[in-house]
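Input: a single structure, listed below in structure tokens.
Values quoted throughout were computed directly from the atomic coordinates according to the rules given, and no laboratory measurement underlies them. Everything numeric in this text was worked out from a predicted model, so none of it was measured. With ideal geometry, Cβ positions are generated from the backbone for all residues, glycine too; neighbour counts draw on all protein chains shown.
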Ligand code: ATP
């Protein structure tokens, strides 16, 4: 019988998520396998963002009892700075983003934004403070304008155009047969990986959050597109506190701090130069990726 109720539960969760104004579809899809449901505490207050500092304070987390994913993770990202998280597949990088978005609560420790524990604030206020540019964006079968406007309720055509220009999509859209009204998605124009990412960037620009999570795609785009996207991302992360979940080290050499996550703990930390000088895990990863780049 419980099996019967699960889809209803799920619909309820999706509905609540939409109602709460969670604007990131990808995030929403990932929420679907989240249980138990995270709820606002009674009397939860609104998150009050002043500088947008993010702090993980001795965070312990596991999805299942048997396997610890994060084992006492501590780091702080000062206002407007960029932290990059690297490490082998399965190290827990995306988990950090999911915890910051409060898809799950940690079993130990605290996650703070401007000194406020995110477990004590409303999810709505938390999620409206954080923008995610995901690995792979979901596009609706609708116009490209609609797909951008989705970033914020009530955005005007001018807002959409400004965001498109910030994401360097304006020239592309100008060449489309129906401009902003061109249908995209499964039943319309198929966008390339880079173009889809730009739509996600434009949505995020509309949302204008003080905190940004950039979840880098595992597979690289072609190198010119990649460079252009990187330049756009660098621009939108200026003055915003940014966490980058990175797979390619070449994209994060500018980060203020890089943490190398290994088996749920920080194995190394520092900026790019300091980490290279350490000649440890990061330096090894860098050498390996440099060789791969040369081969390519
Ligand atoms: P990648 O670089 O491959 O994206 P990652 O470092 O981002 O990896 P996470 O996605 O954070 O890794 O996952 C960390 C570990 O937690 C992995 O071993 C993964 O299998 C496990 N995991 C992730 N999501 C869940 C879940 N919903 N339930 C149970 N285990 C999970």
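Overview of results
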read-out	value
Separation of the residue 142 and residue 50 label points, Cα + 7 Å toward Cβ, nm	3.8
Computed E for residue 119/residue 175 - FRET, C-beta separation, R0 45 angstrom, nearest 0.05	0.45
Overall Cα dimensions of the stretch 170-275 - principal axes, largest extent first, Å	51, 27, 24
Distance-filtered residues of the stretch 67-102 - backbone nitrogen under 16 Å, label point 7 angstrom along residue 284 Cα→Cβ	86-91
Kirkwood hydrodynamic radius of the stretch 117-176, from inverse mean 1/r over distinct Cα pairs, in Å	13.5
Alpha-carbon spread of the stretch 86-221, three principal axes, descending order, Å	53, 35, 23
Kirkwood Rh and Cα Rg combined as Rg/Rh, the stretch 47-116	0.97
Two-site FRET efficiency, residue 295 against residue 262, from Cβ-Cβ distance with R₀ of 25 Å, rounded to 0.05	0.50
Difference of contour (0.36 nm per residue) and Cα-Cα distance, residue 186 to residue 37	50.5 nm
Translational D in µm²/s for the chain (Stokes-Einstein at 37 °C, 0.692 mPa s, Kirkwood Rh from C-alpha pairs)	163
Coordinate range along principal axes, alpha carbons of the stretch 199-243, Å, largest first	29, 17, 16
